[in-house]
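The values are calculated or read from the model by the stated rules, or taken from the named source; none is laboratory data. The structure presented is a predicted model; accordingly, all values stated were derived computationally and were not measured. All Cβ positions, even for glycine, are placed from backbone atoms using ideal geometry, and neighbour counts span all protein chains on display. Surface areas here come from the heavy atoms of the whole protein model, side chains and all, with no ligands, DNA or RNA. Shrake-Rupley method; radii C 1.70, N 1.55, O 1.52, S 1.80 Å.
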Amino acid sequence: IGQNLLALANLLQAEDVREARRIVITRLTDRGFRDWIEEEQRAAAKVCSSYGTAGIVLETGLVPSEPLIENWGPSIGRCYEILREYIMDLQKPENNGPGYWAVFDRLHARVGPKSAALASVAKSLSS
């Protein structure tokens, strides 16, 4: 379990993934996804795919959920809320279908209201 948790933490803490989250949180809040430039679209996709990968790892039981939710829960909640319309658009049947990044949907649901509340507090403190 320890090696799997470390590998997941390394994925989520990779510099490019952290930069993608920074772009999502600082530049995409309150902006419609159709107005994003290519760099912002790539950042959004990287955040969705990295949290999707984390969700897959949790669903398979390779790592316990508590460390991920405790440490990344507020970011998962905040990023998901910022990216929700983008994800929903990509899940339309004429685009990629409802399964596209559905694991990020489930991870967000698993994180629950506690982390959403923490994300809201973090957002208000950063404003």
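Across R42, R31, R78, mean-square fluctuation computed from a Gaussian network of the chain (C-alpha pairs under 10 Å connected) peaks at R31. Within the chain, the whole DSSP H helices whose Cα atoms reach 20 Å or more along their own axis and whose mean Kyte-Doolittle score is at least -0.5 are 38-60, 65-90, 102-126. Around V17, with a cut-off of 14 angstrom between Cβ atoms, what is the net charge of the other residues, counting Lys and Arg +1 and Asp and Glu -1? Every neighbour counted, the sum reads +2. T26 sits with roughly 90 Å² accessible to a 1.4 Å probe, with DNA, RNA and ligands left out of the calculation. Here D105 sits with roughly 40 square angstrom of accessible surface, probe radius 1.4 Å. Every Cα-Cα pair of the chain was included, and the share exceeding 20 Å stands at 42 percent. Along the Cα-to-C-beta direction of T60, a point sits 7 Å from the Cα; which residues of segment 1-16 have their amide N less than 19 Å from that point? What the label zone holds, given the 19 Å backbone N cut-off, is 1-14. Panel values: segment 31-106, Kirkwood radius from alpha carbon pairs, Stokes-Einstein at 4 °C and 1.567 mPa s, translational diffusion coefficient 99 µm²/s. Were the residues from E19 through Q91 laid out at 0.36 nm apart, the gain over their Cα-Cα distance would be 23.4 nm.
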